[in-house]
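Here is the structure we will look at.
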Amino acid sequence: MTAVEDRATAEAPEREVGKARRRKEDARLITGRTTWTDNTVLPGMLHLAVVRSPVAHAKISSIDVSAAQEAPGVIAVLTGRDVADEQGSIPCAWPVTPDMVNPGHPSIAVDEVNHVGEAVAVIVARSKAAAQDAVELVDVDYDLLPAVLDMEEAVAEGAQLTHDHLESNRSFHFVFESGDAGTGQHTDEAFRDAEVVVSRRFVQQRLIPAFMEPRSVVVQPQGDNYTMWSSTQVPHILRIMLAMVTGVPEHKLRVVAPDVGGGFGGKLQVTPEEVISLLVARRLGKPVKWTETRSESLMTAHHGRDQIQYIDIAADREGNVKGLRCRILADMGAYLRLVSPGVPVLGAFMFNGIYKFPAYRFECDGIFTNKTPTDAYRGAGRPEATFAIERIMDELAVELGMDPLELRRRNWIRAEEFPFTSVAGMTYDSGDYETATQKALELLGYDELRAEQRRRRESNDPVQLGIGVSTFTEMCGLAPSRVLGSLSYGAGGWEHASIRMLPTGKVEVVSGATPHGQGHETAWSQLVADRLGVPFEDIEVLHGDTSISPRGLDTYGSRSLVVGGAAVVNAAEKVVAKARRVAAHLLEASEDDLDFSGGKFSVRGTPGAEVSIQEIALATFAAHNFPEGVEPSIDADATFDPENFSFPHGTHLCAMEVDTETGMVKIRKYACVDDVGTIVNPLIVEGQIHGGLAQGIAQALFEEAVYDADGNLTTGTFVDYLVPSAADLPHFDTGNTVHEAPGNPIGAKGVGEAGTIASTPAVVNAALDAVRHLGVRDIRMPLTPERVWRAIHGGGDGGDRATAGTNAYGGAQTETTAGVSTPQSALGGDR
Amino acid sequence: MTQINVRVDGVTYTDDVEPRTLLVHYLREQLGKVGTVIGCDTSNCGACTVHLDGAAVKSCTVLAVQADGGEVTTIEGLAPNGGLHPVQKAFHEMHGLQCGYCTPGMIMASVDLLKENPDPSDTEVREGIEGNLCRCTGYQNIVRAVQQAAGEMRGAGSVSPAEVDTAAAPHVVGQA
Ligand code: FES
Ligand code: FES
């Protein structure tokens, strides 16, 4: 921390970085003057509606579009067969193993459908209503095939196949073994010699990113050029991939992400609907628009998480951890999308958490099932890892009769040990777990709550109290291009920025990182204001349009500030360096004699001899009086490729009340202290933590994408998929410690995913701590009252949600449908 | 087609609508009032909230013909002449939005809530905006914003920006 203090005192007090600047973005958002993709209306624009499969797995035996074709307002109806030669396959950019099996992913199914909601035809009509009305008129005959829905069954001998033309349901088998990697001991040895081994099976339920703005695409053809507006996180990646998939040359394609209403990984994708929209616009030569409904979004936009985790931890009796072994089944769904296989692999280096394991093994199978494909969702791989390690540490503590915090303390990396290379080969940059934990305990009021817990336990209160701990780290700032290359990812991890100094002294900052709620316009302005010494208000941040911001890798993986912000800072430094030559010329001084501060160059020892960088911008524009042999521009661009990931960390504590009679759980208090490195804008950082917590807590308590025994999504609306409201969430007490990240010029570590990654296990650990004395040792997420009650009163983990019946009998298995339970729903309980 | 007369954000419109047209579609597609957005198809999210004759409604739950003869206020007309309503100002001040997609509906619902209850507690705000979903903020800053606006509207004085600045930062250890 001393480094931070030194820097703070050494620099001028008027720094923008660290100020709780109100966001520049807000003005248009709070007044409804926004540019959501669906707002776009173009002359002659046609509207698309997608006909989707109502069955999970079937051969398409015939499609009759004649009635739809004749419907009023309908211009065209296209099936998969009609576009089979031009639609290519939705790309998967991350072949995590050389022998990974990719079945190929047509945007519109041609012969076979593999999940409910898969596109089978598209209606093009003069109005949205006409397009939707005609959906009903398309007549598709399906030859049903058995649906593969359960991962454990899918890997068993003789399992049904998700894709008939494949040999198994396994896409890949990825292994990391510290003994082989040379980063630790061999795991078998560690386990052979262990005094204590604890094994658990954890279920990471399937989730839906559920961004609030439904996806929307508009494509405008202009000759052989195309402009696509899309509600996407990744306009740059989308442009490259669309060019590769459809054959529209990259330089004929412009992609724009206007205001985008949230993404959370859910819009980190190249979607079938984007490809379809481009194909239709190309074929008809007319502008087209597709906007999904919420039900369509929940059913067909990619899902997240969905892992079964078999975790073994080895330790000695004193509580020193000796080894960790993780076997993971990761549900890919029916197809591989952009980074589906990469998601569990992003967790592969994180299951060991903040602890000093001598041995570590990670094995993951990517499994196909007849469900919506999975891909990135906030945290992508790291929440899964953090959940497993933070849950198993608690289980080990119980086994050893130790305090869970004491066990963590005994094994975590100490502040003086940074930088520390973990057993997974990651070099953790900086931090202090003890300080963060101490602060979090104070914020929570830990001692009083422990005392209350004892009182409630002694008095046999029906409402029991528990405290859950999660001490986490995550790898952020995706990512060093070399590392991505070594993991076979299809692209680099750099980010680009450029700075344009306008004649009137205003500044345009062009960023390759495309925001969708993170406040880049504000934070980047703060960064540049400090570096260039120009007013915050004089800076405009441009982004999200491949013709304005030609190079970029977009926003995901808590990378924007860490990588994109670093590029902005480096570009600003280059501007200053260029301006310095001009200043020296104008002031008739040597560059070495110039000081630059507060936006002005001054000649050391010559009071009054000064020129501002904004004046230099005008002088550069005129270029009348310019140094010999220097090109008249002080604009600059920079591409930053990080050397290492950054490693935010923190301690999250949850106090939870569990009503043992009803199974209702209630978060009594939530406190967390996060270290995300240098804080550029405390307001934005706090907001990111809050939003992250909401999503992590929602995984623990509310959300689950449930499929019935036929492969229908039974949580296909906001009635059933429980995105929490304000009344469902507690107040959060948040705090920060600051250890600069050494790997970027800002010192930031990334904050977008921290709250989500850390909170889920803290919440589940809290609930278990409340009822552990009643014999409960696991409760399946989400902790619905039913599950909690069943775990307390019936044993096991509370089991599958009782909606595993089939929609053919009215969906959820209620008392009235109990008699028609299917093999799946009858299993119930602990499996 | 049915003819309706409706006053929206201070302007009177006479239009033909299909009987099945929802108010939100009329606003967005026929009037170009795209500040009001759609977030769901089951009336759960509140993104489409506007005021109809002074009360908050989910405009995806009202038929355009039901607004005939009525007066609609959308986020675009909440504060006339380019000004800001205290609730809009407070959302900005307290960082009550991130992506901003839920924001128009959230603001319209909050204005209505404050009409009913000018001094709501934390819990009352949370329950009052229960019908509006936000995926970004975790709601805490929305609650702060509504209470801040409540204070200002009661004339109880507002939290000054300087105080807010330090309020956001006291937990920050080791950074100036
Ligand atoms: S769009 Fe009206 S409630 Fe969701
Ligand atoms: S600010 Fe994004 S949904 Fe509320």
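The values are calculated or read from the model by the stated rules, or taken from the named source; none is laboratory data. Nothing here was measured: the structure is a model prediction, and the numbers come from that model. Neighbour counts run over all protein chains shown; Cβ positions are idealised from the backbone, glycine included. Remember, those area values only see protein heavy atoms, side chains included, never the ligands or the DNA or RNA. Shrake-Rupley method; radii C 1.70, N 1.55, O 1.52, S 1.80 Å.
Ordered by 1.4 Å accessible area with all protein chains kept, A:M664, A:M426 run largest first as A:M664, A:M426.
With Cβ to Cβ distances under 10 Å as the rule, what net charge do the other residues near A:G44 carry (K, R +1; D, E -1)?
Details: positive: A:R126, A:K286; negative: none.
Computed value for this residue: +2.
Could you give me D for the stretch A:7-145, from Stokes-Einstein at 10 °C and 1.306 mPa s, where the hydrodynamic radius is the Kirkwood radius over C-alpha pairs? Units µm² s⁻¹, please. For these conditions, the coefficient is 83 µm²/s. Over all orientations, chain A has a Cα convex hull whose mean projected area works out to 37.2 square nanometres. The spacing between the stretch A:736-793 and the stretch A:381-459, judged by their C-alpha centroids, is 11 Å. Interface area, chains B and A: about 5100 Å² of buried accessible surface, summed, with a 1.4 Å probe and ligands, DNA and RNA left out.
Straight-line reach from A:K252: which aspartates and glutamates fall under 18 Å, measuring Cα to Cα and dropping same-chain residues less than 8 apart? Straight-distance partners of A:K252: A:E86, A:D224, A:E274, A:D545. For the stretch B:2-77, build the charge dipole from Cβ charges (+1 Lys, Arg; -1 Asp, Glu) around the Cα centre, then report which of B:V11, B:T61, B:C45 sits farthest towards its positive end. Going by the Cα projections, it comes out as B:C45.
Here the stretch B:2-77 exposes an accessible surface that is 46 percent carbon and sulfur, computed with a 1.4 Å probe and the other protein chains kept in place.
Of all DSSP beta bridges confined to chain A, the antiparallel ones make up roughly 80%. Loop-located chymotrypsin sites (Phe, Trp or Tyr not before Pro) in the stretch A:398-471 (DSSP state not H, G, I, E or B) with no more than 13 neighbouring Cβ atoms inside 10 Å do not occur. Annotation for the stretch B:64-119 versus the stretch A:613-688: alpha-carbon center distance of 29 Å.
Classify the stretch B:80-163 as rounded, prolate or oblate from the Cα gyration tensor: take a ≥ b ≥ c as the square roots of its eigenvalues, call it rounded if a/c is under 1.5, otherwise prolate when a/b beats b/c and oblate if not. It comes out rounded by the Cα gyration axes.
For A:D316, put the label point 7 Å out on the Cα→Cβ axis and report which residues of the stretch A:166-192 keep their amide N under 19 Å from it. Under 19 Å, as judged by backbone N against the label point of A:D316, lie A:184-192 of the stretch A:166-192.
Where does each of A:486-496, A:616-626 land if you order them by average Cβ count within 10 Å, highest first?
Per-residue Cβ counts within 10 Å, averaged per peptide and sorted highest first, yield A:486-496, A:616-626.
Dividing the summed helix terms, -39500 (n - 2.57) for each DSSP H run of n ≥ 4, by the number of residues in chain A produces a 222 nm estimate of -8500 deg cm²/dmol to the nearest 500. Taking each of A:K19/B:K58; A:K286/B:K33; A:K371/A:K749 in turn, the alpha-carbon distance tops 29 angstrom for A:K19/B:K58; A:K371/A:K749. The residues of the stretch B:99-136 occluded by other protein chains by 30 Å² or more of accessible area, set against the chain on its own, are B:C99, B:Y101, B:R126, B:E130, B:L133, B:R135, B:C136; surface from heavy atoms, 1.4 Å probe. Taken over the Cα atoms of the stretch B:2-77, the convex hull encloses 73 Å³ per residue.
The Cβ shell under 11 Å around B:G128 holds other residues with a net charge of -4, Lys and Arg each +1, Asp and Glu each -1.
For A:A243 and A:M664, calculate 0.36 nm times their separation in residues minus their Cα-Cα distance, and state this gained length in nm to one decimal.
Length gained, A:A243 through A:M664: 146.4 nm.
Within a straight-line Cα-Cα reach of under 17 Å, A:K578 can be paired with the following lysines, leaving aside sequence neighbours fewer than 8 residues apart in one chain: A:K506, A:K600. Among residues other than A:L502 whose Cβ falls under 11 Å from its Cβ, what is the net charge (Lys/Arg +1, Asp/Glu -1)? Residues close to A:L502 contribute a combined charge of -2. Across the stretch A:566-581, the residues whose backbone nitrogen lies under 17 Å from the label position 7 Å along the beta-carbon direction of A:T606 are A:580-581.
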